[in-house]
Amino acid sequence: MYPTFKPFLQKAWEKSGFQTPTSIQTSAVPVILEGRDLMAESPTGTGKTLAYLLPVLDKINPESGNVQAVVLASSQELVMQVYGEFQKWSEASGIRGASFIGGANLKRQLEKIKKRPQVIFGTPGRLLELVKQKKLKMHEVKTIVLDEADQLLTREHGGSVREIIKSTLRDRQVILFSATLKPEIEAAAKEFMKDPEVIRIKKDETVAAGTVEHLYFVSEKRDKMKLLEKIARLEGIKALAFINDIAEVSVAAAKLNYKELSVGLLHSELPKMEREKALKAFRDGKIKMLITTDVAARGLDIQGVTHVVHLDFPKDITQYVHRSGRTGRMGANGIVISLVTDREERELKRFARELNSSVSKRIFYKGQMTDPNER
């Protein structure tokens, strides 16, 4: 991949079977290796994790027992996913890593610190707690990565993130990745970055583009569940269905489970073990549909999602893009289905115009999605 990378990374790259780096990897790696601050925007599914993980690993000194790099992510699932990638790519390097997430046993997490990890992955709340208790020493941290930065710099996490960054070396490197970089996020980030390089990848030509079909059904709000039930009965689906309100996720899942459909649920207030169980069952194909909120599904790389369903209409076009990007990844095809009221239909058509894509109306006929003109 990069001739300058250390041998363990070269070996892992050959083993991974990847042929060529993606556009974001080609653009971001040299900037990170040079030690410069970076803001990077690249669509979902274009290989952002490796774009920062590989150069960060390349810079770690395995001889030193101090924390040298910190990767922050907004959800427990995303932290564990990135940590899983770290384990794969750091094999035989002598580099130690550890993950720290809210909801996990604090005593066990303190045991991890005793093993002197050099790279740590965590949610902002839990990491800040450990820093304040002086359990985590940040004085040798040279690199901080914000993964899904637009989620990390919200009101909920922003304060903790800033405090964590302040606790590190003055001449640290801050790296920020997101699928969408809004102007207000950029402005917030510039407060703690030094003259950052900005990379924007709009569409990645190196990632085989799958075709994603955008469809919609019109219904009254109260009838959306009936449509979701019909979608859950389609053959061979692996669907993520998005709801805005945590309370409604449980209600929707219970209704479909009552109809004996294989449906799971995922939201940020579920206990850690239940979240892991639901994700594993969905990844392994034991359940066909996962009903979730945006927070729980942000940044998660779940292979083979065939359908994304907007049960609740997205609050803005960015949310529509993020949710829809869960399908059609790495060259696979996918279908995005919006369940809309008459008012939401107008809004959806506006999104389609702005995104320069087409959206087609469907009805259910004999249990199948059908074009109303072809019935």
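Where a number appears in this text, it was derived from the coordinates with a stated rule and is not lab data. Please read these numbers as outputs of a predicted model, since none were measured by experiment. Positions of Cβ are backbone-derived with ideal geometry, glycine not excepted, and every protein chain shown enters the neighbour counts.
General observations
- Alpha-carbon geometry of segment 217-375: the Rg and the Dmax are 14.9, 47 Å, given in that order.
- Degrees between helix 23-33 axis and first principal axis of the chain (Cα, 0 to 90, nearest 10): 20
- Surface/4 estimate of mean projected area, convex hull on alpha-carbon atoms of the chain, nm²: 19.0
- Considering only T211, S167, A149, the residue lying farthest towards the positive end of the dipole of the chain is S167, judged by Cα position with unit charges set on Cβ.
- Over segment 212-374, relative contact order from alpha-carbon pairs under 8 Å, at least 6 apart, %: 34
- Degrees between helix 7-16 axis and first principal axis of the chain (Cα, 0 to 90, nearest 10): 20
- Helix 342-355 vs. the chain, principal-axis angle (Cα, 0 to 90°, nearest 10): 50
- One decimal place: the segment E274-T370 gains 30.9 nm when fully extended, by the rule 0.36 nm per residue minus the C-alpha distance.
- Taking the Cα centre of the chain as reference, the dipole from Cβ charges on Lys and Arg (+1) and Asp and Glu (-1) amounts to some 920 debye.
- Alpha-carbon centroids, segment 142-168 and segment 289-366: separation in whole Å: 28
- Beta bridges from DSSP with both residues in segment 212-374: antiparallel share about 10 percent, rounded to the nearest 5.
- Cβ crowding within 10 Å averaged over residues, with 71-78, 134-141 ranked highest first: 71-78, 134-141
- Helical content alone sets the calculated 222 nm signal of the chain at -11500 deg cm²/dmol, taking -39,500 (n - 2.57) per DSSP H segment of four or more residues and averaging over every residue.
- Cα centroid of segment 244-269 to Cα centroid of segment 10-28, whole Å: 38
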